[in-house]
Amino acid sequence: MAPATRTAIDAQPDIRLLRLMQLVSPALPVGAFAYSQGMEYAVQAGWVTDALQAAHWIGGLLTHCLANFDVPILHRLYKAWQADRKETFDTWNRYLLAGRGSSELQQEECHMGLALLRLLRQLQDDRVAEEPCPRPSFIAMFAVAACNWQIQPDAACTGLLWSWSENQVTAAIKLVPLGQTDGQRILMGLAETIPEAVRHGLALGDEDLGAAAPGASLASAFHETQHTRLFRS
């Protein structure tokens with residue numbers, strides 16, 4: 001089936017919600033399932049050993065890092081792409097990559113970004129015939145897809161946080177390990193924090209952007225040489 005045209009999206013506002021669901025779906029072939037973002041080492045090191053600690057680990061990263069960094073940068077990338085400000089788009093993409101706390105996290109961002117770029121091209125989106133910028137990050141390409149599919153910025157940010165949360169919970173279920181019900185309880189709790197995280201992130205000025213999670217960065221760095229791994233390094 002051919003992808004929906006811009007006219008079709010304009011004519012059917014509800015299609016935007018479905019496009020958002022497609023963009024955040026675990027079925028999106030960008031390889032998100034292959035990464036634990038340091039959780040695998042955190043479990044091995046005994047930092048995360050049960051459902052409560054997993055909820056604190058994931059929730060802490062969401063509220064202290066993604067809300068203060070990923071959300072506002074996604075918003076700026078979206079606006080830059082919408083206004084065809086390529087230099088601004090590239091600046092925020094490089095800023096995002098520089099903020100990743102380990103080589104592993106940066107490589108993950110670039111690998112998933114290129115995967116999403118390839119997918120958009122395969123879906124015949126001629127607005128990405130050329131790379132939007134050198135080394136496009138996943139967040140940058142997420143912004144491009146959301147803008148091209150006319151998904152509103154706040155909805156895109158909400159979807160990004162939900163997708164990230166779901167991937168982290170799935171990793172915790174495999175690694176801690178947790179039962180499926182425990183995983184759903186964690187997701188229920190995260191869902192209650194996501195709307196405020198989005199509102200907070202969208203309200204930040206440029207001078208307020210930034211996040212520091214030394215434990216998560218160290219876990220990701222140590223994971224690069226962890227002897228036995230389920231997740232990609």
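Some points to look at:
- Filtered by the rule that a residue be among the polar types (S, T, N, Q), modelled with pLDDT of 95 or more, part of a loop (DSSP other than H, G, I, E, B) and more than 17 Å from Leu178 (Cβ to Cβ), segment 1-54 gives a lone residue, Ser25.
- Residues satisfying the criterion are present in segment 152-162 (criterion: at pLDDT 95 or above and either polar (S, T, N, Q) or in contact with a Pro (Cβ under 6 Å, 6 or more places away or on another chain) (or both)).
- In segment 77-93, the residue that is nearest to Cys157 (Cα to Cα) out of those that are touching a residue at least 40 places away in the same chain (Cβ under 8 Å) and surrounded by fewer than 21 Cβ atoms within 10 Å (Cβ to Cβ) is Lys79.
- Residue-level check: of (1) buried (at least 16 other Cβ atoms within 10 Å of the Cβ); (2) out of contact with any Leu (no Cβ under 6 Å at 6 or more places or on another chain), Ala143 misses just (2).
- Just one of the listed residues (Phe89, Phe138) is closer than 24 Å to Ala191 by Cβ and not small (Gly, Ala, Ser), namely Phe138.
- In segment 73-115, the residues that are in contact with an Asp or Glu (Cβ under 8 Å, 6 or more places away or on another chain) and not basic (Lys, Arg): Leu96, Leu97, Ser102, Ser103, Glu104
- Every condition in (1) under 24 Å from Arg94 (Cα atoms); (2) surrounded by fewer than 24 Cβ atoms within 10 Å (Cβ to Cβ); (3) touching an Asp or Glu at 6+ places or on another chain (Cβ under 9 Å) holds for Leu161 except the one numbered (2).
The values are calculated or read from the model by the stated rules, or taken from the named source; none is laboratory data. Worth saying up front: this structure is predicted, and the values here are computed from it rather than measured. Neighbour counts are summed over all protein chains in view; Cβ atoms, including those assigned to glycine, are modelled from backbone coordinates with ideal geometry.
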